[in-house]
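First up is the structure itself, then whatever we jot down about it.
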Amino acid sequence: MKESIFDRKVSVYNGVADNKGIVTSLRAFLTSLNHKDEILHLRTLTDKKERNEIKKKLPMCTISGVFQPTRKTDNLKEHSGLICIDIDAGDNEELKDLENVKAELSKLKEIAYLSLSVSGNGLFAIIPLEYPSYHKQQFEQLKLDFLKLGITIDTACGDVTRMRCMSYDKHPYINESAVPYTGYHVEKKVSYQRKDYTDDKMSAVAKYCDLIESSHIDITSNYKDWVRVAGAFASL
């Protein structure tokens, strides 16, 4: 029987001060109700500082894998093959109805889990990756694909050590059969073709450069002139 996405191993930490954590299943972390009351209380608070104090003490999980002995990139022992993305309210002010957003995103076959964030004002989604060894490249393409949907995802989620705070959602979206996301971003390299400058224009430029140098004239005495001269050379 094929292993469920939610039975994969992850590291769970006892708040932000914990850097060692314990290993457990993703399912155990996501379904725990041990801190439900604290999370619901946090959502009633208007003071951001007070909310953050509670949040910092809640359990947190590295969705993308197990880290030992401490949580840092070089200590990734096993990638879970998953990535967690945040859809924050501050970056997506037009997304008012989060339940409607959940319903729309649940149509994507690659999404395994969708839930309210700990604040209740945003969402997070867990997505299996086809190429976990290329975590960053897949994340970069996810950013572009979600932008096409009108959604901005938190750029910090590209960090494989990124922690997800425990949350609570009465009706999370769960898809045990989510398919791995195959998107992969490749940076476009700018190629420069070297020219053999032997034409009359370049000869004239060389002549004037020699004249300027021999006459000890400074044609870039201020920044504005420097930019104009640089632009002129770039146009050649």
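Any read-out appearing in this document is the output of simple, stated calculations on the displayed coordinates, not a laboratory observation. Everything numeric here is computed off the predicted structure, so don't read it as measured data. Counting neighbours? That spans all protein chains shown, and the Cβs are built from the backbone with ideal geometry, glycine included.
With labels modelled as points extended 7 Å from the Cα through the Cβ direction, what inter-label distance (nm, one decimal) is found for E187 paired with E93?
Distance between label points: 3.2 nm.
Working out 0.36 nm times the residue gap between V16 and A206, then minus their Cα-Cα distance, what length gain in nm do you get to one decimal?
Values: separation 190, 0.36 × 190 = 68.40 nm, distance 6.17 nm.
Value of the extension gain: 62.2 nm.
Could you sort out which of K109/K136; K57/K170; K49/K143; K9/K49; K72/K96; K55/K136 sit more than 24 Å apart by Cα distance in this structure?
K49/K143; K9/K49; K72/K96; K55/K136
What residues from the stretch 6-22 fall in the zone where the backbone N is under 11 Å from a label point 7 Å along the Cα-to-C-beta line of D37?
none
What is the sum of charges around P180, taking Lys and Arg as +1, Asp and Glu as -1, for the other residues whose C-beta is under 9 Å from the C-beta of P180?
In short, -2.
Please name whichever of S235, M202, V160 sits farthest to the positive end of the charge dipole of the chain, dipole taken about the Cα centre and charges placed at Cβ: Lys and Arg +1, Asp and Glu -1.
Going by the charge dipole, the pick is V160.
Taking the Cα-to-Cβ direction at V179 and at K107 and moving 7 Å from each Cα, how far apart do the two end points lie in nm?
Placing both labels 7 Å along Cα→Cβ, they lie 1.7 nm apart.
Name the aspartates and glutamates eligible as straight-distance cross-link partners of K56: C-alpha to C-alpha under 15 Å, and not fewer than 8 places from it in the same chain.
Counting by Cα, and skipping residues close in sequence, K56 has these aspartates and glutamates nearby: D18, E38, D47.
If each DSSP helix of 4+ residues adds -39,500 (n - 2.57) and the sum is divided by the residues in the chain, what number results at 222 nm, nearest 500 deg cm²/dmol?
-9000 deg cm²/dmol
I'd like to compare 112-118, 3-9: which one has the highest average count of other Cβ atoms within 10 Å, and what's the full order after that? If you can, show how the numbers build up before the last one.
Numbers: 112-118: 22.1, 3-9: 14.7.
Top to bottom by mean Cβ count within 10 Å: 112-118, 3-9.
Which length gain, in nm to one decimal place, applies between A232 and H79 when the Cα-Cα distance is subtracted from 0.36 nm times their residue separation? List each step's numbers first, then the result.
Working: separation 153, 0.36 × 153 = 55.08 nm, distance 5.08 nm.
Value of the extension gain: 50.0 nm.
Could you tell me the largest-minus-smallest coordinate of the C-alpha atoms of the chain on each of the three principal axes, in descending order and whole angstroms?
The Cα atoms of the chain stretch 81, 47, 40 Å along their principal axes.
Would you mind working out the magnitude of the charge dipole of the chain relative to its Cα centre, with +1 at each Lys and Arg C-beta and -1 at each Asp and Glu C-beta, to the nearest 20 Debye?
In debye, rounded to 20, the chain gives about 580.
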